[in-house]
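Step one of this worksheet: look at the structure below.
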Amino acid sequence: LAALVVGATLVTLMATLTASVSEQRELAALRAVGADVRIDAARIDAADVTALAARPGVEAAIPAHLDAGATVTADGRTTAVVVVAVAPVRYAELLAGTPLAFTPPAATADGRLPVGLSGGPAVGDLDLGLRGLSTPGRRVATVPALERAFAGQGRVVALVPLDALVKAVPTTQPNTVFL
């Protein structure tokens, strides 16, 4: 009887560990990629997005601009961030039902770039530094689900609407597609 109890306990423990490791592996993969699939290139054109969306099995293809060398400056403090410029509503729909699901942040009414941060400084007004240019922004939400792993480390992510970023920094163009 004692051997049966020990055996059942061991089987339960191993099943729980296996399930936990599997879930954490899936979460780590999603945090590293940002979606089921991510395609990076120097430049992504609208025709590329259309062609990817037409592939069998692809439910959505969302163009984005990723920049791992951006900064957020607020109250005299600068924080390194990874900018994910994408259509926030479409991106939230893509991630619905995953551990990374989030509610898209609202827009600003004052013309500043709306920024959703995964963490970092708890401020309203900020400056987003991107490729040597500074763009005024306003933190509109804190979205912990946006935290991503870049180069094996957790980094603060700044989610901004791609169209608003292109308007603020006209040289910005998509360099990634989330599938």
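The values are calculated or read from the model by the stated rules, or taken from the named source; none is laboratory data. Since this is a predicted model, take the numbers as computed values, not measurements. Note that we place each Cβ from the backbone using ideal geometry, even for glycine, and neighbour counts take in every protein chain shown. Surface accessibility is based on the protein's heavy atoms, side chains included, excluding ligands, DNA and RNA. Shrake-Rupley method; radii C 1.70, N 1.55, O 1.52, S 1.80 Å.
May I ask you to verify whether Val89 is over 22 Å from Ala41 (Cα atoms), under 17 Å from the mean Cα position of the chain (by Cα) and surrounded by fewer than 17 Cβ atoms within 10 Å (Cβ to Cβ)? In short, yes. Can you find, within the stretch 92-106, the residue that is farthest from Phe178 (Cα to Cα) among those that are of a type in the set (Gly, Ala, Ser) and loosely packed, with under 15 Cβ neighbours inside 10 Å? Of everything passing the filter in the stretch 92-106, Ala106 is farthest from Phe178 (Cα to Cα). In this structure, Pro99 does not qualify as part of a strand (DSSP E or B) and either touching a residue at least 40 places away in the same chain (Cβ under 8 Å) or under 11 Å from Arg139 (Cα atoms) (or both).
Looking only at the stretch 162-171, decide whether some residue is open to solvent by less than 10 Å² (accessible area, probe 1.4 Å) and in contact with a strand residue (DSSP E or B) (Cβ under 6 Å, 6 or more places away or on another chain). Within the stretch 162-171, one or more residues are open to solvent by less than 10 Å² (accessible area, probe 1.4 Å) and in contact with a strand residue (DSSP E or B) (Cβ under 6 Å, 6 or more places away or on another chain). Being in a strand (DSSP E or B) and closer than 16 Å to Gly69 by Cβ is a property that Ala158 has. Are any of the residues in the stretch 72-79 within 25 Å of Val49 (Cα to Cα), modelled with pLDDT of 85 or more and among the polar types (S, T, N, Q)? Looking through the stretch 72-79, none of the residues is within 25 Å of Val49 (Cα to Cα), modelled with pLDDT of 85 or more and among the polar types (S, T, N, Q).
Of all residues in the stretch 146-155, those satisfying the criterion of being open to solvent by 30 Å² or more (accessible area, probe 1.4 Å) and assigned to a strand (DSSP E or B) are Ala149, Phe150, Gln153, Gly154, Arg155. A single member of Leu117, Leu128, Leu146 is under 17 Å from the mean Cα position of the chain (by Cα), closer than 20 Å to Val37 by Cβ and of a type outside the set (Phe, Trp, Tyr), and it is Leu146. Of all residues assigned to the stretch 123-145, at least one qualifies as being touching an Asp or Glu at 6+ places or on another chain (Cβ under 7 Å), modelled with pLDDT under 80, open to solvent by 20 Å² or more (accessible area, probe 1.4 Å) and on the phi < 0 side of the Ramachandran plot.
When restricted to residues that are surrounded by 15 or more Cβ atoms within 10 Å (Cβ to Cβ), within 16 Å of Val177 (Cβ to Cβ) and in contact with a strand residue (DSSP E or B) (Cβ under 6 Å, 6 or more places away or on another chain), the stretch 40-82 contains 10.
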